[in-house]
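The values are calculated or read from the model by the stated rules, or taken from the named source; none is laboratory data. Nothing here was measured: the structure is a model prediction, and the numbers come from that model. Here the Cβ positions follow ideal geometry from the backbone for every residue, glycine too, while neighbour counts run over all protein chains shown. Please note that ligands, DNA and RNA were not included when accessible areas were found on the heavy atoms of the full protein model with its side chains. Shrake-Rupley method; radii C 1.70, N 1.55, O 1.52, S 1.80 Å.
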Amino acid sequence: MSTIKIAKCESLFLFHCNPCFSFSIYLNPVFIPYVLYRLLKLNQNRPTPVIGDDMEPENFRRIEYEDLVECTDTLGESNYIGRFQFGKMYRGVLGTFEPINLLVKIWEVPEIYNYKPGDHNIRLMEELVLLRHEKVIKHPCMVQLYGFCSDGEHISVAYLLKPFDSLFNLIPKDSFTWLQRIKTAFGLASLLKFLHVGNPSSYYPPFVVQNLDPAHIVLDQDYTPRLCDFGLVCGGFFPDRRSYSGPLGCYGYIDVSASNQGDCSIKKDVFAFGVILLSLISKRVYTEEDRQSGLPTVYEWALGQCQAFESYSEMRDAKFSLVHKSMASESEFCGDDGHKITMIALECVNTVQSERPAMKQVFRALRKLEVVKNYADFIGANNKMLLRPCEKY
């Protein structure tokens with residue numbers, strides 16, 4: 001196996017937009033114009049940067065593509081997890097004496113989403129910036145960056161994670177239990193609440209993921225969900241989304257009421273979370289085959305199930321539930337929870353953006369479920385890392 005190369009400090013470009021925030025990013029010449037553009041946009045009305053001891057750069061681990069191929073058993077089928085919006089993901093194990101478990105993500109030219117040369121270079125740069133933010137990476141449902149590859153032909157990243165499977169693969173399976181699904185929803189809601197936090201004294205607005213999708217959520221061996229793609233992230237220190245001619249989201253999870261493609265609204269993520277929650281409780285996923293066949297999305301299917309009711313109040317009175325019958329029979333399932341979680345999901349996918357709840361309200365509602373109270377330790381309801389007040393950016 002070839003030696004993993006480390007990008008030394010002199011190869012790092014450092015910049016600082018806030019005395020409380022610092023990050024370092026490896027740049028090659030392709031990235032420099034983009035970063036200069038960002039700096040001009042971000043710093044027009046901000047204080048002069050202050051560089052202190054906290055700016056001391058850490059080394060970026062630059063991994064040869066051949067090493068990534070080898071650690072995934074030559075991108076073997078047994079290590080293949082699935083596709084994400086812009087490529088593929090694999091399980092990997094690096095080293096022999098002290099093996100390191102990895103989630104390997106490889107960008108490719110997408111088959112169904114628009115792509116321009118250089119798009120993936122920018123996505124890599126943005127991801128490296130995001131995953132070096134000391135505040136963001138503290139959340140247990142964010143992936144931890146191990147290293148990256150950018151050799152002119154291949155673009156990929158490796159995360160420190162022993163992946164179990166993607167949420168997309170698990171949702172239809174009977175072996176994916178009610179408790180595990182609730183733990184997944186709880187962790188994802190906590191992460192989105194964390195990313196969406198606003199602070200009047202902050203320079204940065206909330207982060208908006210924009211392309212939430214079960215294929216972009218990978219569970220570890222303890223069923224903790226990890227968000228692992230940020231290809232369309234906006235807000236935060238990415239306040240303007242560059243021109244992108246394709247859909248700002250993944251098919252089946254795009255906000256149906258979004259009138260402005262460039263609108264970086266947290267309610268887009270709320271909508272996508274609502275669809276994912278509907279998927280979790282109904283065991284339904286929306287595939288590319290479904291899209292090509294013109295079949296309804298999970299959201300459209302759920303709306304069809306609601307047609308017998310004229311209002312939310314009627315659904316509440318009828319204790320309407322979209323929970324799959326097989327899960328309603330599990331011993332951990334509590335009767336009223338089926339209706340409550342269905343209503344949470346339906347409120348998230350309200351066609352009127354302004355009437356959707358914020359993620360902090362969704363998280364609060366999930367905490368009130370009987371299953372969360374009864375199995376708090378397993379689900380994470382006693383985990384201070386999930387419950388603590390969000391860090392201010």
Quiz item: Is one or more of the residues making up segment 282-302 open to solvent by less than 30 Å² (accessible area, probe 1.4 Å), β-branched (V, I, T) and without any contact (Cβ under 8 Å) to a residue 60 or more places away in the chain?
Solution: yes
Quiz item: Out of all the residues in segment 261-281, which are out of contact with any Gly (no Cβ under 6 Å at 6 or more places or on another chain) and free of Cβ contacts under 8 Å to residues at least 60 places away in the same chain?
Solution: Q261, G262, D263
Quiz item: Can you find even one residue in segment 306-329 that is hydroxyl-bearing (S, T, Y) and within 19 Å of the chain's Cα centre (by Cα)?
Solution: no
Quiz item: Within segment 219-278, restricting attention to residues that are at pLDDT 90 or above and among the basic types (K, R), which residue is nearest to K135 (Cα to Cα)?
Solution: R226
Quiz prompt | Any hit, segment 302-317, residues being of a type in the set (F, W, Y) and under 30 Å from P205 (Cβ atoms) | solution = no
Exercise. Go through the residues of segment 131-153 one by one and say whether even a single one is more than 29 Å from P99 (Cβ to Cβ), over 14 Å from the mean Cα position of the chain (by Cα), in a helix (DSSP H, G or I) and modelled with pLDDT under 85.
Key: no
Quiz prompt | Filter result (under 19 Å from Y223 (Cα atoms) and in contact (Cβ under 8 Å) with a residue 24 or more places away in the chain) within segment 370-388 | solution = V371, V372, N374, Y375, F378, I379, G380, A381, N383, M385, L386, L387
Quiz item: Do you know which residues across segment 94-130 are over 26 Å from T287 (Cβ atoms), assigned to a strand (DSSP E or B) and either acidic (D, E) or out of contact with any helix residue (DSSP H, G or I) (no Cβ under 6 Å at 6 or more places or on another chain) (or both)?
Solution: I100, N101, L102
Exercise. Search segment 154-165 for residues being part of a strand (DSSP E or B) and open to solvent by less than 50 Å² (accessible area, probe 1.4 Å), and hand back the single one that is farthest from R132 (Cα to Cα).
Key: D165
Exercise. Go over the candidates F168, F194 one by one and state the one that is open to solvent by less than 10 Å² (accessible area, probe 1.4 Å), within 26 Å of F271 (Cβ to Cβ), assigned to a helix (DSSP H, G or I) and not acidic (D, E).
Key: F194
Self-check item: Among the residues listed as Q305, Q353, the single one being open to solvent by less than 50 Å² (accessible area, probe 1.4 Å) and modelled with pLDDT under 95
Solution: Q353
Quiz item: Taking segment 59-80, which residues are of a type in the set (S, T, Y) and assigned to a helix (DSSP H, G or I)?
Solution: Y65, S78
Quiz prompt | Which numbered condition R181 fails, given (1) of a type in the set (K, R); (2) in contact with a helix residue (DSSP H, G or I) (Cβ under 9 Å, 6 or more places away or on another chain); (3) surrounded by fewer than 21 Cβ atoms within 10 Å (Cβ to Cβ); (4) at pLDDT 95 or above | solution = (3)
Quiz item: Of all the residues that make up segment 89-130, how many are surrounded by fewer than 19 Cβ atoms within 10 Å (Cβ to Cβ) and under 14 Å from F230 (Cα atoms)?
Solution: 2
Quiz item: Does at least one position in segment 377-384 carry a residue that is modelled with pLDDT under 95, open to solvent by 90 Å² or more (accessible area, probe 1.4 Å) and closer than 21 Å to R316 by Cα?
Solution: no
